[in-house]
Amino acid sequence: MIVAVDLLKPFSYEFFRNGLIIATLAGALCGLIGVFVVLRGMSYIGHGLSHAVFGGAALAAVLNLNYFLGAGFWGLASGLMIGRVSRKRIIGADAAIGVITTASFAMGLALQARFGQAKRSIDAVLFGNVLGVFTSDILAVAGVGVLSVVVIIGLYRKLLFATFDPEVAGVSGVSVPAMEAVLMVLLSATILVTVRVIGVLLISALLVLPAVTARLMTNSFGRMLWLSPVLGAIFGGVGMYISWYADIPSGAVIILAGTLVFIAAYSAVGVRRRSQLAGLSHH
Amino acid sequence: MKSVPEENQNLMKCEHMSCSYGGAPVIEGVDLTIRRGEFVGIVGPSGSGKTTLLRALLGSIKPVHGKVERLPGLRLAYVPQLETVDWNFPVTVGEVIGMSRPQRLMRPKSQNSELALIEDVLERLGLGGLLQRHIRELSGGQQQRVFLARALIQKPDMLILDEPTAGVDVRTRHEVLHVLADLNESPPHGDGIAIVLTTHDLNGLAAHLPRLVCFNRTVIADGTPAEVLQPYFLERTYGAPMEVLQHGGMPIVLEQGGDELRNRLNRSSAS
C-alpha cells in the first residue's frame with residue numbers, strides 16, 4: 001500500500017502532471033514527424049534545426065521579444081532555406097544544414113557572449129525545462145500534434161510518394177517541393193513547441209529514436225506511421241516518470257529510455273535474422 | 001474533315017526539340033512521333049541523352065528549342081530503373097501501387113473500388129495475394145511488375161520505362177518483355193497503351209520490338225529492327241564499328257572482335 005502511494009506520489013504535483021503530459025505528447029509528435037525525417041535520410045536536420053533555433057532564441061532574448069516565437073520563426077526560416085538550398089543539388093542537404101544552422105548557432109554564441117543576460121533563457125533552450133510547463137505549452141504541443149495528424153492524413157499518399165520516389169512522384173502530378181515545404185514547416189513547428197521539454201541538444205534524438213525503432217518492427221509505411229508516435233509517447237511518458245525517482249534531467253532519461261528500447265529491438269531483429277539464416281542452412 | 005483513326009492518333013510529337021540543363025544542349029534537333037498503341041525502343045550508348053529524352057517526353061524538363069506537342073488530356077506514367085529504388089524503404093506492395101492514385105481529403109486508405117482495381121491489375125500481372133509483402137521480398141520479375149502495376153493504376157495512354165531490363169537475369173528479361181508485349185496488345189483499361197522504353201540490350205530486347213530508335217543526342221535512325229540495326233546506323237550511334245548477323249530471322253549485333261560468337265552462331269546454323 002505504501003509502495004502504491006509512493007508510486008502515485010508524483011501525480012499529486014501539478015508541475016509533474018503537466019510535465020508528464022507534455023513529455024508524452026512531445027514524444028508522440030516527434031515520433032510522427034521523425035518518420036519522414038528518418039526515411040528522407042535527413043536525421044541530421046533535427047540536430048541542425050535545433051542549433052538554428054538557438055540563434056533565433058538568443059536574438060529574441062536580446063531584442064526582448066517573445067522567446068519561443070523568435071526561436072520558432074528562426075527555425076522555420078532555416079528549415080525552408082535548407083530545403084531550398086538542398087533542392088538545387090549543387091550542394092547536398094547535409095552541407096546545406098551544416099552551413100545554415102552552424103552560422104545561426106555561431107550567431108547565438110556571439111550574442112550570448114555580448115549580452116550575457118540572455119544566458120539563463122538560453123540554458124532552458126539547450127537543456128529543456130519541464131518544471132515550468134504551463135497549460136499554454138501543453139496546448140501548443142497538442143495543437144501542432146493535431147495539425148500534423150490532419151496534414152499527414154490529408155496528404156498521406158502525396159507525402160509517401162514524394163518521400164519514396166520523388167522523381168516519379170513529380171511526373172505523376174505530385175508537387176515534390178510543396179511536400180518538402182510542408183514537412184519542413186511541420187518539423188520546425190515540432191521543434192519549436194517541444195524544445196521546452198527536451199532541449200535543443202537532445203531533440204534530434206527524440207526525432208530519430210522512435211522512428212528507427214518502429215522501422216525495425218515493421219516493413220510497412222502505414223504501420224510505421226502509427227507505431228513511431230506510440231513509441232515516442234511511451235519514451236516521453238516513461239522517461240519523465242523515471243526522471244522523478246532517478247533525479248536526473250528528464251530530457252536525458254527520455255532519450256536513454258528510447259535508446260534502451262532501440263537496442264532491444266535491434267538485438268531482437270538480429271536474433272530473428274540469425275535464426276532465419278540458421279533455418280535456411282538446415283534446408 | 002476526315003477524322004484520324006484512333007490507332008494512328010499521335011499521342012506526342014517532338015519537333016526539332018533541344019534540351020539542356022543550363023549549359024550546352026544535351027539533346028538536339030529531335031524529331032519523334034509516338035502514336036497510340038505503338039511499342040518503341042530507344043537504344044544508344046551511356047551519356048547519349050536517352051534519360052533526358054524520356055524526361056522531355058514526360059514534361060519534367062522543357063525544351064530550349066523546338067516543341068513537344070501532346071494530345072490534350074494525355075495520361076503519362078513512368079516506370080523508373082529498379083536500380084534507383086530504395087529497397088530498404090518500409091513499403092509494401094499495396095502501398096507502392098496505391099500511392100499513385102489520386103487521394104480525396106481525409107481518405108488516406110484505398111477505397112473498396114480502388115482496391116478492386118489494384119487487385120485486377122495485380123492479378124493480370126501475376127501478383128495476386130502479394131499486397132502485404134515488402135517489395136524486397138519479391139523476385140526481380142515481380143518487383144518490375146509491381147512498379148508496372150503502379151504505373152498502370154494511373155490508366156495511362158503512354159507508358160514510359162527507363163531501362164526495364166537493366167541488371168536483371170535472362171529469365172526476368174523474358175518475363176518483362178512478355179508482360180509489356182501483352183499490355184501493349186491488350187491493355188487493361190480498354191484504350192491502346194503506347195509503350196516507350198530505353199535499353200542497352202540490343203539483342204535480348206531491342207531486336208524483338210516492332211519499332212526501334214537509335215539515339216545519340218538526336219535521332220540517328222527510326223524504323224523496324226531490320227531497318228535500324230544496320231552497321232552504318234549502329235556505328236553512328238555508338239561511335240564504334242559493329243557487325244550485324246541474321247540468325248533465325250532476327251538481327252544479331254556483334255561488336256567488332258566478336259569473331260568467337262560469330263563462329264559459334266555459324267556452327268549452330270550449320271547443325
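Structure notes:
- At the listed q of 0.15, 0.19 Å⁻¹, the Debye profile of region B:128-252, built from one uniform point per Cα, gives log10 I(q)/I(0) equal to -0.78, -1.12.
- Within the protein assembly as shown, all pairs of alpha-carbon atoms sorted by distance into 10 Å bins from zero give the percentages 3, 15, 21, 20, 17, 12, 7, 3, 1, 0.
- Highest to lowest packing among A:244-255, B:121-132, scored as the average C-beta count within 10 Å: A:244-255, B:121-132
- Helical content alone sets the calculated 222 nm signal of the protein assembly as shown at -19000 deg cm²/dmol, taking -39,500 (n - 2.57) per DSSP H segment of four or more residues and averaging over every residue.
- Taken about its Cα centre, the protein assembly as shown carries a charge dipole of roughly 1220 debye when the Cβ of each Lys and Arg holds +1 and the Cβ of each Asp and Glu holds -1.
- Residue-wise HN-Hα couplings along region B:25-41, as the Karplus relation 6.51 cos²θ - 1.76 cosθ + 1.60 with θ = phi - 60° gives them from phi, are x, 7, 10, 9, x, 7, 10, 8, 10, 10, 9, 4, x, 6, 10, 10, x Hz; Gly and Pro carry x.
- Which of A:VAL195, A:VAL182, B:VAL64 has the fewest Cβ neighbours within 10 Å, and the rest in rising order: B:VAL64, A:VAL182, A:VAL195
- Residue ranges A:214-223, A:145-154 sort as A:214-223, A:145-154 when ordered by packing (mean number of other C-beta atoms within 10 Å per residue, highest first).
- The mean count of C-beta atoms from other chains within 10 Å of the C-beta of residues in A:220-226, rounded to a whole number, is 4.
- Other protein chain C-beta atoms within 10 Å of residue C-beta, averaged over A:160-167: 6.
- Distant-in-sequence amide contacts of B:ILE42, defined by a placed amide H-H separation under 5 Å and a gap of 5 or more residues or a different chain, comprise B:LEU197, B:THR198, B:THR199, B:VAL213.
- Take every pair of alpha-carbon atoms less than 8 Å apart whose residues are at least six positions apart; their mean separation over the length of region A:2-273 yields a relative contact order of 33 percent.
- Seen from A:ASP247, the other residues with C-beta closer than 15 Å to its C-beta sum to a net charge of 0, counting Lys and Arg as +1 and Asp and Glu as -1.
- Karplus-derived 3J(HN,Hα), 6.51/-1.76/1.60, for each residue of region B:207-219, Hz, glycine and proline x: 5, 8, 8, x, 9, 10, 10, 8, 9, 8, 6, 7, 6
- Its Cα gyration tensor gives region A:2-273 an equivalent ellipsoid; the semi-axes, largest first and in whole Å, are 29, 26, 16.
- As a rough guide to protection, the peptides A:131-144, B:29-42, A:258-271 ranked by mean Cβ packing within 10 Å, highest first, stand as B:29-42, A:131-144, A:258-271.
- Within 10 Å of the Cβ of each residue in B:72-81, the mean number of Cβ atoms contributed by other protein chains is 2.
- The modelled label-to-label distance for the pair A:MET217/A:LEU109, using points 7 Å beyond Cα in the direction of Cβ, is 3.9 nm.
- When only Cα pairs below 8 angstrom with a gap of at least 6 residues are kept, region A:153-283 shows a relative contact order of 20 percent.
- Volume per residue of the convex hull around the Cα atoms, evaluated for region A:11-84, comes out as 97 Å³.
- Share antiparallel - DSSP beta bridges, the protein assembly as shown, percent rounded to 5: 55
- Each Lys or Arg adds one and each Asp or Glu subtracts one; over the other residues with Cβ under 14 Å from the Cβ of B:ASP182, this totals -1.
Read the figures in this text as sums done on the coordinates, not as results from a lab. Keep in mind it's a predicted model, so treat the numbers as computed, not measured. So basically every Cβ, Gly included, is an ideal-geometry build from the backbone, and we count neighbours across all protein chains shown.
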